[in-house]
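Colleague: Here's a structure for you.
The values are calculated or read from the model by the stated rules, or taken from the named source; none is laboratory data. As the structure is a computational prediction, the values presented were derived from the model and not from experiment. In this analysis, Cβ positions are derived from the backbone assuming ideal geometry, glycine residues included, and neighbour counts consider all displayed protein chains.
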Amino acid sequence: MTIFASFLLLALICLAVAFPTYDSIAGLSEREINEYVARNGVAAIPNPPLPLPKGQDGLKLVNDPAHPFIAAGPNDIRGPCPALNTLASHGYLPRNGVVRPDQIVTAVMEGLNLGNDFAKFLCYQAFLMNGNPLTNLMSIRMKTRGTGPDPPKPALIGGLGQHGTFEAVFNEDLFQGFISTSTKFGFNGTYDVNAAAELRNQRLQNSIQTNPQLVFTSPRILSAYSEAVFPTIFFVDGRLNNCQLAIDAARHFFDFEMMPTDFHRQPAPVNFTMVDPLVSEIFNKHPFAPGVNHGKKNFVLQPQTPPLSNFCGIYEDIVIHVVPGQYPKPTGVLRDALNKNLGFFYGAVRAEHNCTQVFPYGRD
Ligand code: HEM
């Protein structure tokens, strides 16, 4: 056996010992969690990274020699988020696509200049819904053994693509829709806020017509409307910074998962104060109320779920309903890990939105 082959075999054995296959699929019982923790210890949960230091938080070449693009290999995971895919392909995130939440916060701050609060909000929300709190790992697409044994059901640990695995693959038809909408509504054929408003509305109307199981309520409404405006900010070169995304640059991020040559990030950290008005602007062009489809073309309003304008209501909905939906009665290390991540999540909404903290699993 060659040295390489024995190394590979050893690596596979280590992996099998660390993450026994039976429990990673079924979900651990409380007893198994205790046994797992006794064997492996608890994954360290680092505190969220601090904001970039003053003087190092400005305009910067980010497609640089230290972060070369390398296309994803056959075992590298890429998912529904073009920003995270691109950051993984440039090594700002682990290239295999299995990541810790603090690594995401660092990557989006370093690579795209998301403000610290904003980065933490996106990241800990996604982690609480899709990551593995026991191992502190999350897949940026589908379920994978790489995130270790799952906590008990109904936890899903499905990765970022959990809500639509098929959407995770680049779709040329949808991208052609992106181009034609930009040509028709955007300034000089770019994807700008006008194009974003039209495209977002088209997608919603199309889903109402064709998706019998459409659920367009909190928290999806917030991510859907935020994702629509993000490219007009973060994918535009920071030297231009005019909220007009050229189609060629868009294709780099969405299709090639690559930063354009010479790409510079935003000139200053971007927080809610910049994003919120753009989200309101596209909402106001085509307002809607949250609802669900009961069969195609039968959109039934859900007045009990918070509307897009109620940010703290959406925060509370995530913390009181969405997270406990997957973790109804966590105990021991699992509860500790969830509480820690819920605290980090609240830390992100406190500063700019002044929401009241809620504690689904009690305070300790
Ligand atoms: C902390 C960071 C982030 C996380 C955890 C995250 C997560 C996600 C997830 C889970 C989706 C899938 C849709 C969904 O289920 O809601 C998504 C889509 C998307 N994300 Fe991100 N995202 C992050 C940052 C960003 C940034 C900085 C951008 C900047 C442009 C971005 C742009 C997008 C876009 C445009 C989509 C929609 C893609 C499409 O419809 O084809 N995301 N993201």
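Colleague: If you go through the stretch 273-294, how many residues are under 23 Å from residue 199 (Cα atoms) and more than 23 Å from the chain's Cα centre (by Cα)?
Modeller: Number of matching residues: 7.
Colleague: Which of the residues that make up the stretch 218-233 are crowded, with 19+ Cβ neighbours inside 10 Å and not in a helix (DSSP H, G or I)?
Modeller: Of everything in the stretch 218-233, just one residue is crowded, with 19+ Cβ neighbours inside 10 Å and not in a helix (DSSP H, G or I), namely 218.
Residues are listed down the side, and each one gets a yes or a no for (1) touching a residue at least 40 places away in the same chain (Cβ under 8 Å); (2) within 12 Å of the ligand (Cβ to nearest atom); (3) crowded, with 21+ Cβ neighbours inside 10 Å; (4) of a type in the set (Lys, Arg):
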{"site": "175", "(1), (2), (3), (4)": "yes, yes, no, no"}
{"site": "187", "(1), (2), (3), (4)": "yes, no, no, no"}
{"site": "210", "(1), (2), (3), (4)": "yes, no, no, no"}
{"site": "236", "(1), (2), (3), (4)": "no, yes, yes, no"}
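Colleague: Tell me, which residue of the stretch 54-75 that is closer than 30 Å to residue 145 by Cα and of a type in the set (A, V, I, L, M, F, W, C) is surrounded by the fewest Cβ atoms within 10 Å (Cβ to Cβ)?
Modeller: Taking the stretch 54-75 first, the residues closer than 30 Å to residue 145 by Cα are 66-75.
This time we only want the ones that are of a type in the set (A, V, I, L, M, F, W, C), so: 66, 69-72.
On the way: 66: 8, 69: 15, 70: 13, 71: 11, 72: 15.
The extreme case among them is 66.
Colleague: Related question: Are there any pairs, at least 6 apart or on different chains, whose C-beta atoms fall under 7 Å, with the first in the stretch 266-283 and surrounded by fewer than 17 Cβ atoms within 10 Å (Cβ to Cβ) and the second modelled with pLDDT under 95, and if so, which?
Modeller: 273/352
Colleague: Which residues, taken from the stretch 329-364, are in a loop (DSSP other than H, G, I, E, B) and among the hydroxyl-bearing types (Ser, Thr, Tyr)?
Modeller: 331, 356, 361
Colleague: Assuming residue 200 fulfils every condition listed in (1) in a helix (DSSP H, G or I); (2) in contact with a strand residue (DSSP E or B) (Cβ under 6 Å, 6 or more places away or on another chain) apart from one, which condition is it?
Modeller: Condition not satisfied by residue 200: (2).
Colleague: Consider only pairs whose beta carbons are under 9 Å apart and that are at least six residues apart or on different chains; among these, list those whose first residue lies in the stretch 153-169 and is acidic (Asp, Glu) and whose second residue is at pLDDT 85 or above and within 9 Å of the ligand (Cβ to nearest atom).
Modeller: Hits for this filter: 167/80; 167/174.
Colleague: Now for a different question. How do the pairs read when you match residues in the stretch 63-83 that are assigned by TED's automatic domain parsing to the domain that holds residue 104 and over 15 Å from residue 169 (Cα atoms) with residues anywhere that are in a loop (DSSP other than H, G, I, E, B) and more than 16 Å from the ligand (Cβ to nearest atom), using Cβ under 6 Å and keeping only pairs 6 or more apart or on different chains?
Modeller: As it stands, the answer is 67/91, since those pairs meet every condition given.
Colleague: I'd like to know if the stretch 144-155 contains one or more residues that are under 12 Å from the mean Cα position of the chain (by Cα) and either within 9 Å of the ligand (Cβ to nearest atom) or not in a helix (DSSP H, G or I) (or both).
Modeller: The initial filter retains those residues of the stretch 144-155 that are under 12 Å from the mean Cα position of the chain (by Cα), namely none.
No, the stretch 144-155 contains no residue that is under 12 Å from the mean Cα position of the chain (by Cα) and either within 9 Å of the ligand (Cβ to nearest atom) or not in a helix (DSSP H, G or I) (or both).
Colleague: Being under 17 Å from residue 214 (Cα atoms) and in contact with a Pro (Cβ under 8 Å, 6 or more places away or on another chain) is the requirement here; does residue 324 meet it?
Modeller: no
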